Amino acid sequence: MKIKSGGQNRMNMLFFLTIFFLLYGGMHFCAFLKTRSALAFSTNTGIYLGLFMLLMVLSPLIIRFSERLELTFFARLMSYIGYTWMGVLFLFFSASVCMDIYHLLIYLAGTISHKNLSFLIPSVRLSFYLPLIFSLIIGIYGYYEALDIRTERVTIKTRKIPEEIGRLRIVQISDVHIGLIIREGRLNRLLREIKKADPDILVSTGDLVDGQIDGLSEFAGLLKEISPKYGKFAITGNHEFYAGIGQTLDFTEKAGFKILRGEGTTVAGLINVAGVDDPQRKTYGLYKGVSERELLSKLPIGKFTLLLKHRPLIDKEALGLFDLQLSGHAHKGQIFPFSLITWLFYRHTVHAGHLRLVDDSYLYVSRGSGTWGPPIRFLSPPEVTVIELVYDEKHQYGNKEINK
């Protein structure tokens, strides 16, 4: 096991925080300028608005310190205010950029055509109110979309499960982010969908928890009520390390999951299930030097092999050694147009849905079952994924046919 120095870990975290606050602070600065230009408010109003925006920029840190001080009510209140504001601000900023691009196109069109097209450009005030109204409407819609958990169904025909079993139902949850916002109400919605799916095996592909998880043992009890015939398996995501790996492993085990950290198992002699840690473990000095190829090579040959891996990244050395990789992490961007960024980042694989890799290896990426940060989703509803493995003598490998 390699151990990184505490100084290196602090440098990595400082770099991440610096980039985050520069970007988030920059969005607030742009919003402030647009608001002042449109409304021409007084100096006093500008000071109050500036102080409020500074509070919102710092809200993630305030929430984190409030959790550590066990000020749970205040932390939850700040979470709803701060992260809802984050979602609405992102929508406003995105819509404002689109409006600025429209202004630029009209200006260029007028310059090229030598015509006065200024009548096509909305006033400064209207150019402010249109993105504002859009962001508020989408924010409200997105709050309810985040509650609308969809069941996505994938049917895989394969001869790698026993003929006498005929059908095996695997249910995947991912990126639930149980914490200050995802609590009993939202968790019960998710559990109802899982129970309706009636899984033979339940898997969690990382980020089951979010942030500090003190006082969440009751939610582990709710998860433990689900008891599939062939068990429950989980892996770590990046947030398991952010929240404290010791606490999160304890929570996950109390919820009834067997945690796979660079290990695999054959479930009831039916299928192989293997899982790996999220790469975030390296930042925390918890690197385990087992490769996916080494891990998968040790599993029985001829059985359907399921690989659980939080991020939708493919290890080319492992291709052909698993039938299906289940991942999450990207949330399909959670709030459009952020999905364009996740699509670009995972352009070599896929940020949501399924992808054929080679004849005998496939990838399915969940949109996630909860929310991170803003309790909002737009054009990316949460999901519970039901994977049906159906015995078929004609199909040597999985996913010759996928029905959704």
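The values are calculated or read from the model by the stated rules, or taken from the named source; none is laboratory data. If you're wondering where the values come from, they're calculated on a predicted model, not measured in any experiment. So basically every Cβ, Gly included, is an ideal-geometry build from the backbone, and we count neighbours across all protein chains shown. Heads up: the accessible areas ignore ligands, DNA and RNA and are worked out on the full protein's heavy atoms, side chains in. Shrake-Rupley method; radii C 1.70, N 1.55, O 1.52, S 1.80 Å.
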(request) Take the range 219-248 and flag every residue that is in contact with a strand residue (DSSP E or B) (Cβ under 8 Å, 6 or more places away or on another chain), among the aliphatic types (A, V, I, L, M) and at pLDDT 95 or above. (result) ILE226, ALA234, ILE235
(message) Looking at LEU286 and the list (1) among the aliphatic types (A, V, I, L, M); (2) at pLDDT 95 or above; (3) farther than 22 Å from LYS229 by Cα, which single condition is not satisfied?
(response) (2)
(message) Could you check the range 151-167 and list, in sequence order, the residues that are in a strand (DSSP E or B), surrounded by 13 or more Cβ atoms within 10 Å (Cβ to Cβ) and among the basic types (Lys, Arg)?
(response) ARG153, LYS157
(request) Within the range 376-390, work out how many residues are buried (at least 22 other Cβ atoms within 10 Å of the Cβ) and not in a strand (DSSP E or B). (result) 4
(message) Cβ contacts < 6 Å: first residue touching a residue at least 12 places away in the same chain (Cβ under 8 Å), restricted to the range 64-92; second residue assigned to a helix (DSSP H, G or I) and hydroxyl-bearing (Ser, Thr, Tyr), any location; separation 6+ or different chain. Result?
(response) ALA75/SER66; MET78/SER59; GLY82/SER59; VAL88/SER135; LEU91/SER135; PHE92/SER135
(message) Tell me yes or no: at least one residue of the range 370-384 is farther than 25 Å from TYR141 by Cα and of a type in the set (Gly, Ala, Ser).
(response) no
(message) I'm told PHE65 meets every condition in (1) in contact with a strand residue (DSSP E or B) (Cβ under 9 Å, 6 or more places away or on another chain); (2) open to solvent by 30 Å² or more (accessible area, probe 1.4 Å); (3) under 18 Å from GLY211 (Cβ atoms); (4) not basic (Lys, Arg) except one. Can you identify the failing condition by its number?
(response) (1)
(request) Give the residue, chosen from THR205, THR252, THR248, THR236, that is within 20 Å of the chain's Cα centre (by Cα), under 20 Å from ARG150 (Cα atoms) and of a type in the set (Val, Ile, Thr). (result) THR205
(request) With the checklist (1) surrounded by 14 or more Cβ atoms within 10 Å (Cβ to Cβ); (2) out of contact with any Leu (no Cβ under 9 Å at 6 or more places or on another chain); (3) assigned to a strand (DSSP E or B) in hand, flag the one item LEU147 doesn't pass. (result) (3)
(request) Within the range 301-314, identify whether any single residue is of a type in the set (Lys, Arg), under 30 Å from PRO131 (Cα atoms) and surrounded by 16 or more Cβ atoms within 10 Å (Cβ to Cβ), and answer yes or no. (result) no
(message) Let me spell it out: the conditions are (1) under 24 Å from THR371 (Cα atoms); (2) open to solvent by less than 30 Å² (accessible area, probe 1.4 Å); (3) hydrophobic (A, V, I, L, M, F, W, C), and ILE106 meets all of them except one. Which number is the exception?
(response) (1)
(message) If LEU357 satisfies all but one of (1) open to solvent by 10 Å² or more (accessible area, probe 1.4 Å); (2) modelled with pLDDT of 95 or more, what's the number of the condition it fails?
(response) (2)
(request) Go through the residues of the range 198-215 one by one and say whether even a single one is within 23 Å of ARG76 (Cβ to Cβ), surrounded by 19 or more Cβ atoms within 10 Å (Cβ to Cβ) and without any contact (Cβ under 8 Å) to a residue 40 or more places away in the chain. (result) yes
(request) Hey, can you tell me all the residues within the range 315-326 that are under 20 Å from TYR346 (Cα atoms), open to solvent by 30 Å² or more (accessible area, probe 1.4 Å) and not charged (D, E, K, R)? (result) LEU319
(request) Hey, could you check the range 244-264 for residues that are free of Cβ contacts under 8 Å to residues at least 40 places away in the same chain and hydrophobic (A, V, I, L, M, F, W, C) and say which is farthest from ILE226 (Cα to Cα)? (result) LEU249
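For every residue, the table says whether it meets (1) aromatic (Phe, Trp, Tyr); (2) without any contact (Cβ under 8 Å) to a residue 24 or more places away in the chain; (3) on the phi > 0 side of the Ramachandran plot; (4) outside any helix (DSSP H, G or I).
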{"site": "PHE15", "(1), (2), (3), (4)": "yes, yes, no, no"}
{"site": "PHE21", "(1), (2), (3), (4)": "yes, no, no, no"}
{"site": "LEU33", "(1), (2), (3), (4)": "no, yes, no, no"}
{"site": "ILE62", "(1), (2), (3), (4)": "no, yes, no, no"}
